[in-house]
Amino acid sequence: MIPFFNGRDVELAVSPNEAYEAVRNAFVAYARGEWTMQPKLYVTNYPAGDFRAMPALGGGHALLKWVTSFPGNPARGLPTVTGLVLLSNAETGQLEAVLDAAAVTALRTGAAAALAAETLGRYGWRVASVVGAGVNGRAAIDVLTSLGRDVVVWDVRREAAEAAVKELQVSGYVARSLEEALSCEVVVTVTPGRQILFPEGSLRPGQHISLMGADGPGKAEISVSAMARSHLFCDDWEQASHGGELAAVVEQGLVGREDVTELGDVLAGKADGRRNAEEVTLFDSTGLAIQDLAIAKVAVAKADELDLQRIEL
């Protein structure tokens, strides 16, 4: 019988702090070549949305995530992200667990956003803003709060931002405007990627920005010119240079591989992070299968502690 983790089960099994540590360890393992993955495969049905297949191998397990992104779904009363995560034993090939992909995605997205901020933010920073209070934005708020950070929240739907601050017991407040949120020393953007939040000249010296929303072709949260003038980091060069914020600056020839540092290399001590207090650091997140693997492994270790539905194949 195979345990199935629904969204609530995933949340019960993996705390924000556990998600943060698991994703951090996954970045390091990937940078050292101990964990492996292939860039995500997109099966597109634009303008409606896309399907993504994401495999990974590491720590005695193999994983495949089949997940969707359909931005118009909320207007239909449906979630933007749905899908399943399959976790198998890497030695026998046997399926060991099935998990809700949306919950796994939210946890690892929030953890990666906070990890980049903690790693690349200016020394002594205190306040982060999270722009976008949807499922993934709330996860970022949750992880940052668990790390003891004050969080300012903004969303196009003020009621969503207010609910996030109240329900997640945030040490912070709802921003009075988008401009106020974008002026914080650390900013996490978790939007659909249809609006440029940072035009030319809008970035402040010393800021760190975790760009979490533009995870596919045609999406962007920052202008090409603003990005080209910053110290650039990403989760994975191959993915980000083709389907993340980096894609546009790479396509225009403004940035090459030598101009971008993978976050895992910084965490593993193979590369430098922030160079000084005044530079702007940008982290381009496209979402990695190794992050999903890290979350799934933590969840499965708690299987016996939870009242899980079990599936007979």
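Only one entry of Ser225, Ser177, Ser202, Ser171 meets the criterion of being free of Cβ contacts under 8 Å to residues at least 40 places away in the same chain, within 15 Å of Glu278 (Cα to Cα) and surrounded by fewer than 22 Cβ atoms within 10 Å (Cβ to Cβ), and that entry is Ser202. Find the residue count for region 1-55, including only residues that are outside any helix (DSSP H, G or I) and surrounded by fewer than 22 Cβ atoms within 10 Å (Cβ to Cβ). Counting residues in region 1-55 that are outside any helix (DSSP H, G or I) and surrounded by fewer than 22 Cβ atoms within 10 Å (Cβ to Cβ) gives 25. Per this entry, Val298 is not counted among residues that are farther than 30 Å from Ala97 by Cβ and part of a helix (DSSP H, G or I).
Scanning for something β-branched (Val, Ile, Thr), part of a helix (DSSP H, G or I) and modelled with pLDDT under 95, does region 118-126 turn up at least one residue? Among the residues of region 118-126, not one is β-branched (Val, Ile, Thr), part of a helix (DSSP H, G or I) and modelled with pLDDT under 95, which makes the answer no. Evaluating Asp304 against the criteria (1) surrounded by fewer than 19 Cβ atoms within 10 Å (Cβ to Cβ); (2) in contact (Cβ under 8 Å) with a residue 24 or more places away in the chain leaves one unmet condition, (2). Candidates in region 279-301 are the residues that are touching a strand residue (DSSP E or B) at 6+ places or on another chain (Cβ under 6 Å) and surrounded by fewer than 20 Cβ atoms within 10 Å (Cβ to Cβ); of these, the one that is farthest from Glu18 (Cα to Cα) is Glu279. Being part of a helix (DSSP H, G or I), among the small types (Gly, Ala, Ser) and in contact with a Lys or Arg (Cβ under 9 Å, 6 or more places away or on another chain) is not true of Ala75. A single entry from Val130, Val153, Val98 fulfils the requirement of being outside any helix (DSSP H, G or I) and outside the structural domain of Thr261 (by TED's automatic domain parsing): Val98.
Filtered by the rule that a residue be part of a loop (DSSP other than H, G, I, E, B) and in contact (Cβ under 8 Å) with a residue 24 or more places away in the chain, region 251-282 gives Gln252, Leu254, Val255, Ala268, Lys270, Gly273, Arg274, Arg275, Ala277, Glu278, Glu279, Val280.
Among the residues of region 17-27, is there at least one that is in contact with a Leu (Cβ under 7 Å, 6 or more places away or on another chain) and farther than 29 Å from His242 by Cβ? Checked against the condition, which is being in contact with a Leu (Cβ under 7 Å, 6 or more places away or on another chain) and farther than 29 Å from His242 by Cβ, region 17-27 yields no hits at all.
In this structure, Leu99 does not satisfy being over 30 Å from Arg149 (Cα atoms) and aliphatic (A, V, I, L, M).
The values are calculated or read from the model by the stated rules, or taken from the named source; none is laboratory data. On a predicted model such as this, the values are computed, not experimentally measured, just so you know. All Cβ positions, even for glycine, are placed from backbone atoms using ideal geometry, and neighbour counts span all protein chains on display.
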